[in-house]
Amino acid sequence: MQYHEAKLLATAANESQWPKSDLCEIIFAGRSNAGKSTLINGLVNRKNLAYSGKTPGKTRLLNFFIVDNRVVFTDAPGYGYATSDAKSALAFEKLIDPYFHNRRQLKGMILVADVRRVPSEDDITMVEYARKAHLSIIVACTKADKLGQGAVKANMKKIAETLGVNERLLVPVASLKKTGMDQLWQMIDRLVEQGQ
Ligand SMILES: Nc1nc2c(ncn2[C@@H]2O[C@H](COP(=O)(O)OP(=O)(O)O)[C@@H](O)[C@H]2O)c(=O)[nH]1
Ligand SMILES: [Mg+2]
């Protein structure tokens, strides 16, 4: 595990609060409770950089983390709980839409998906969003420690099919045990190099 320097750069409710930066950005998106915050913490080897909270879907903000002075991770609010009512779905769209459309330095999306679950309609929509914005896509399949290796493999195949993405874009991770972090970092590094 390499050392990574990470800090919160900005928290934004709207476009005027996005940080001034030229670095390549990658948005982390996923259903509430998929393991997004835990994954961000695992990638940078910190316990509480991204808040893994017990109130899923509550944050209506984008959190920008600068990592190694080289890349910015954007933590988006979780959906699922949120999109179960129309008002929250609209708030999510208002936050995300301009970011996908107008953020020039946004180059990639890491879709965070629980390896035990079939992707939701919202997950599929996020992939479509990312495609429209010409982002590179990585799918981090979390909680791989909760299944045997065979089941992880089978589920990942199904997840790729449901999302309509190449299986090579998927990576199994167990963020608490820090498994899969190196492989995911390799994919992130490639994305950053392409994005420059
Ligand atoms: N076993 C296991 N639990 C995980 C993993 N990643 C996250 N969790 C747990 O799943 C729950 C939701 O994680 P969190 O990061 O808050 O999800 P978020 O809502 O997507 O940010 C927490 O209880 C985490 O401890 C993992 O890789 N393995
Ligand atoms: Mg979270």
If you average 1/r over every pair of different alpha-carbon atoms in the chain and take one over that average, what Kirkwood value in Å do you get?
16.6 Å
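Among LYS153/LYS178; LYS7/LYS36; LYS107/LYS146; LYS47/LYS94; LYS7/LYS87; LYS158/LYS178, which pairs are too far apart, with a Cα-Cα distance over 22 Å? Write out the running numbers ahead of the final one.
Numbers: LYS153/LYS178 18 Å; LYS7/LYS36 16 Å; LYS107/LYS146 31 Å; LYS47/LYS94 30 Å; LYS7/LYS87 31 Å; LYS158/LYS178 24 Å.
Those over the limit are LYS107/LYS146; LYS47/LYS94; LYS7/LYS87; LYS158/LYS178.
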Go through GLN196, VAL165, PRO77 and say which Cα lies farthest out towards the positive end of the charge dipole of the chain; charges sit on Cβ, +1 for Lys and Arg, -1 for Asp and Glu.
PRO77
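How high is the relative contact order of the chain, in percent, with contacts defined as C-alpha pairs under 8 Å that are six or more residues apart? List each step's numbers first, then the result.
Working: 353 pairs, mean separation 45.1, N = 196.
The value is 23 percent.
Taking the Cα centre of the stretch 6-195 as the origin, how large is its charge dipole in debye, to the nearest 20, when only Lys and Arg (+1) and Asp and Glu (-1) carry charge on their Cβ atoms?
On the way: 28 positive and 19 negative charges, 101 e Å.
With Lys and Arg at +1 and Asp and Glu at -1, about 480 debye.
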Selected from ALA133, LEU95, ILE110, residue furthest toward positive end of dipole (the stretch 6-195; charges at beta carbon)
ILE110
Cα centroid separation - the stretch 101-139 against the stretch 171-196, whole Å
15 Å
Per q in 0.16, 0.18, 0.22, 0.27 Å⁻¹, report the Debye log10 I(q)/I(0) for the stretch 154-196, using one uniform scatterer on each alpha carbon and no solvent.
-0.51, -0.63, -0.83, -0.95
Cβ-Cβ cut-off under 14 Å around ARG168, Lys and Arg +1, Asp and Glu -1: the net charge is +1
Over the chain, give the accessible area per residue in Å² for a 1.4 Å probe, as an integer.
52 Å²
Spacing of the two label points (7 Å from each Cα toward its C-beta) at LYS158 and THR125, in nm:
2.3 nm
Amide H neighbours of GLU25 under 5 Å, counting only residues 5+ apart in sequence or on other chains, H built in-plane at 1.01 Å?
VAL72, LEU106, LYS107, GLY108
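What part of the accessible area of the chain, given as a whole %, is carbon or sulfur when the probe is 1.4 angstrom?
Numbers: 4960 of 10220 Å².
Result for the chain: 49 percent of the exposed heavy-atom area is carbon or sulfur.
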Additional length obtainable on full extension of the chain from ASP145 to LYS87, 0.36 nm per residue less Cα span
17.4 nm
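The values are calculated or read from the model by the stated rules, or taken from the named source; none is laboratory data. Just so you know, these numbers come straight off a predicted model, no measurement behind them. Here Cβ is always computed from backbone atoms with ideal geometry, including for glycine, and neighbour counts include all displayed protein chains. These accessible areas exclude ligands, DNA and RNA; they are computed on the full protein's heavy atoms, side chains included. Shrake-Rupley method; radii C 1.70, N 1.55, O 1.52, S 1.80 Å.
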